[in-house]
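As structure tokens, the structure follows; a few thoughts come after it.
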Amino acid sequence: MFGMNVHNAVIKAKEKETGVTIHRVNAEYDSGEIVAQTKVAIMENDTPETLAERVLFREHEFLVEVISSIVEGKIKLC
């Protein structure tokens with residue numbers, strides 16, 4: 001599941017949080033080794049669109065954080 005389907009599903013399930021996962025890419029969809037994860041709170045008044053906006057913003061921030069951690073040797077990819 002991806003995109004707006006995920007946001008719809010977590011809101012419908014009344015989840016309290018969703019998240020961002022950065023993983024290695026391989027031949028199978030979303031099955032690569034997980035490199036890092038972070039959580040994103042789901043607000044009571046969230047719509048799929050507002051949640052998507054916040055998740056996307058966090059994805060962009062988190063990607064920079066993870067790349068920095070890789071460069072600094074805090075995250076090993078081998």
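For Glu49, indicate whether it is more than 19 Å from Val64 (Cα to Cα), among the acidic types (Asp, Glu) and either exposed (fewer than 15 other Cβ atoms within 10 Å of the Cβ) or modelled with pLDDT of 95 or more (or both).
Here the answer is yes, as Glu49 does meet what is asked.
So if I check each of Met43, Met4, which one is modelled with pLDDT under 95 and among the hydrophobic types (A, V, I, L, M, F, W, C)?
Going through Met43, Met4 in turn, the sole match is Met4.
Results for (1) outside any loop (DSSP other than H, G, I, E, B); (2) of a type in the set (D, E, K, R), shown as yes or no for each residue.
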residue: Phe62; (1), (2): yes, no
residue: Ile67; (1), (2): yes, no
residue: Gly73; (1), (2): no, no
residue: Lys76; (1), (2): no, yes
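Cβ-Cβ under 9 Å, sequence separation 6+ or interchain: first residue in segment 8-36 and more than 18 Å from Thr47 (Cα to Cα), partner small (Gly, Ala, Ser) and at pLDDT 90 or above. Which pairs?
Sorted first by the residue in segment 8-36, then by its partner, the pairs are Thr21/Ala36; Ile22/Ala36; His23/Gly32; His23/Ala36; Arg24/Gly32; Val25/Gly32; Asn26/Gly32; Ala36/Ser69.
Among the numbered conditions (1) outside any helix (DSSP H, G or I); (2) touching a residue at least 24 places away in the same chain (Cβ under 8 Å); (3) among the aliphatic types (A, V, I, L, M), tell me where Ala52 comes up short.
(1)
Would you be able to tell me the number of residues in segment 17-33 that are over 17 Å from His7 (Cα atoms) and not in a loop (DSSP other than H, G, I, E, B)?
Going through segment 17-33 one residue at a time, the tally reaches 2.
Could you please find all residues in segment 30-56 being among the β-branched types (Val, Ile, Thr) and under 11 Å from Gly19 (Cα atoms)? It would help to see each step written out before you state the result.
Let us first name the residues in segment 30-56 that are among the β-branched types (Val, Ile, Thr), namely 34-35, 38, 40, 42, 47, 50, 55.
Residues satisfying the conditions are Thr38, Val40, Ile42, Val55.
Checking Ala36 against (1) surrounded by fewer than 15 Cβ atoms within 10 Å (Cβ to Cβ); (2) more than 14 Å from Gly3 (Cα to Cα); (3) under 10 Å from the mean Cα position of the chain (by Cα); (4) not acidic (Asp, Glu), which single condition isn't satisfied?
Here Ala36 meets the rest and fails (1).
If we keep just the residues of segment 37-46 that are part of a strand (DSSP E or B) and touching a residue at least 24 places away in the same chain (Cβ under 8 Å), which is nearest to Ser68 (Cα to Cα)?
Among them, the one singled out is Thr38.
The values are calculated or read from the model by the stated rules, or taken from the named source; none is laboratory data. This one's a predicted model, so the numbers in the text were calculated from it and none came from an experiment. Every residue, glycine among them, receives a Cβ derived from its backbone with ideal geometry; neighbour counts consider all protein chains shown.
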